[in-house]
Amino acid sequence: MHAEIVVLPGDGIGPEVTAAAAAVLRTVGQRYRHRFDLHEHAIGGAAIDAHGDPLPEKTLAACRNADAVLLGAVGGPQWSDPQAKVRPEQGLLALRKALGLYANLRPVRPHPATLGAAPIKPHLLAGVDLLVVRELTGGIYFGDKTRDADGASDVCRYSVAEVERVVRRACVLARQRRGHVTSVDKANVLETSRLWREVATRVARDEFSDVTIEHQLVDSMAMHLLSKPRAFDVVVTENMFGDILTDEASMLAGSMGLLPSASLGDGRVGLYEPIHGSAPDIAGRGIANPCGAILSAAMLLRHSLGLELEAGCVERAVSAALEDGILTRDLAPERGVGTVRFAAEVIERIGA
Ligand code: ATP
Ligand code: MG
């Protein structure tokens, strides 16, 4: 197949990890005889420096016309002045909005070789394989914000359609996995959560007879995620709960550097990025863990290009490298390998 893939390196370790992921994509293209055209464009702080805009028109146009977008990370101390008119993160928010991306997928599958690095007992983590689907466009983060002399308020709002589309997405994904959805809300207190639960129940019942759905309150979910993470398949939740639970779930894997994500909408283009930030403390040193970025490229192959076989091949190559003890410094501080070497080891296991 022929695919146009836009690469947005961004800031900090973004360029290092996207270079690793792009090399993996090129190898997959050669091995399976696909033509992947990779084009780099500016976003975030790097785009502010070069063009005065965290999402230049040229970048946005390229993303709209692409089959998929692979992103590194945006942000860094040099652009974080609170007085600044433009900030790197605005570029990413504007891009998500322009592409209509409403479902953020974060799979968590701790690898046996990295279980020791997680702050949770290894016997609880063995066999964990869950997928958190976070709603990305609604809720309290986007509601009206006001401040007066004696207080402040943030409005939380969800429309029926916003809940329907993300729950539907979660159910479709569950169907391709173990057929179970856990919908997380706070329906004992919040009206938006009562709506969420009603809609989730109806969508699952009317449209997905082959998927089972259960409901959890977010506070007890926070506990169960640590005490019995194996119990979950697909977890779907609203924006803020998802923000918090995905960070919590990332600790099951052992390092921020390991986990990928995908942001999808109803349009053709998906956005794929590691869950970690720009990590300015280690940027430019060649030691960043590229796993999250490489596994994001695997999600890109699966979700935007429909190349399941190729996606599985990349995931197995990463697992095999970890299994063979090839670990970056976040996982093996004493003897860890660098970004380029880790990518080369993965590429070797994909074969050319
Ligand atoms: P952001 O605000 O952009 O989300 P953050 O404050 O959450 O960023 P990160 O940039 O993700 O922070 O970094 C958090 C810590 O994890 C840092 O110490 C960083 O060095 C480390 N880290 C993050 N990603 C990686 C990686 N790929 N490899 C190694 N270490 C990483
Ligand atoms: Mg962060």
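The values are calculated or read from the model by the stated rules, or taken from the named source; none is laboratory data. All of these numbers come straight from a predicted model, not from anything done at the bench. Reconstructed Cβ throughout: ideal geometry from the backbone, glycine too, with neighbour counts over all protein chains shown.
Values for this structure:
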| item | result |
| --- | --- |
| The range 252-264: number of residues that are over 11 Å from the mean Cα position of the chain (by Cα) and assigned to a strand (DSSP E or B) | 0 |
| The lone exception for P54 - which of (1) touching a residue at least 24 places away in the same chain (Cβ under 8 Å); (2) out of contact with any Phe, Trp or Tyr (no Cβ under 9 Å at 6 or more places or on another chain); (3) over 23 Å from P290 (Cβ atoms) it fails | (2) |
| Residues (aliphatic (A, V, I, L, M), more than 12 Å from ligand 1 (Cβ to nearest atom) and either surrounded by fewer than 20 Cβ atoms within 10 Å (Cβ to Cβ) or without any contact (Cβ under 8 Å) to a residue 40 or more places away in the chain (or both)) located in the range 237-288 | M240, I244 |
| Residue within the range 278-301 that is of a type in the set (D, E, K, R) and within 16 Å of ligand 2 (Cβ to nearest atom) present | yes |
| Yes/no for G267 being in a loop (DSSP other than H, G, I, E, B), away from ligand 2 (no atom under 16 Å from the Cβ) and under 17 Å from N104 (Cβ atoms) | yes |
| Checklist (1) over 28 Å from V337 (Cβ atoms); (2) within 16 Å of ligand 2 (Cβ to nearest atom) applied to T237, failing item | (2) |
| Any hit, the range 272-285, residues being assigned to a helix (DSSP H, G or I) and out of contact with any Leu (no Cβ under 7 Å at 6 or more places or on another chain) | no |
| Filtered residues of the range 62-96 (kept if among the hydrophobic types (A, V, I, L, M, F, W, C), more than 22 Å from the chain's Cα centre (by Cα) and closer than 27 Å to I294 by Cβ) | W79 |
| Residue among L300, L305, L271 that alone is in contact with a Phe, Trp or Tyr (Cβ under 6 Å, 6 or more places away or on another chain), under 30 Å from L93 (Cβ atoms) and at pLDDT 95 or above | L300 |
| Residue within the range 38-58 that is among the small types (G, A, S) and not in a helix (DSSP H, G or I) present | yes |
| Residue in the range 23-32 that is of a type in the set (V, I, T), surrounded by 19 or more Cβ atoms within 10 Å (Cβ to Cβ) and within 16 Å of ligand 1 (Cβ to nearest atom) present | yes |
| Filter result for V181 (in contact with a Cys (Cβ under 7 Å, 6 or more places away or on another chain), closer than 12 Å to L130 by Cβ, buried (at least 19 other Cβ atoms within 10 Å of the Cβ) and not charged (D, E, K, R)) | yes |
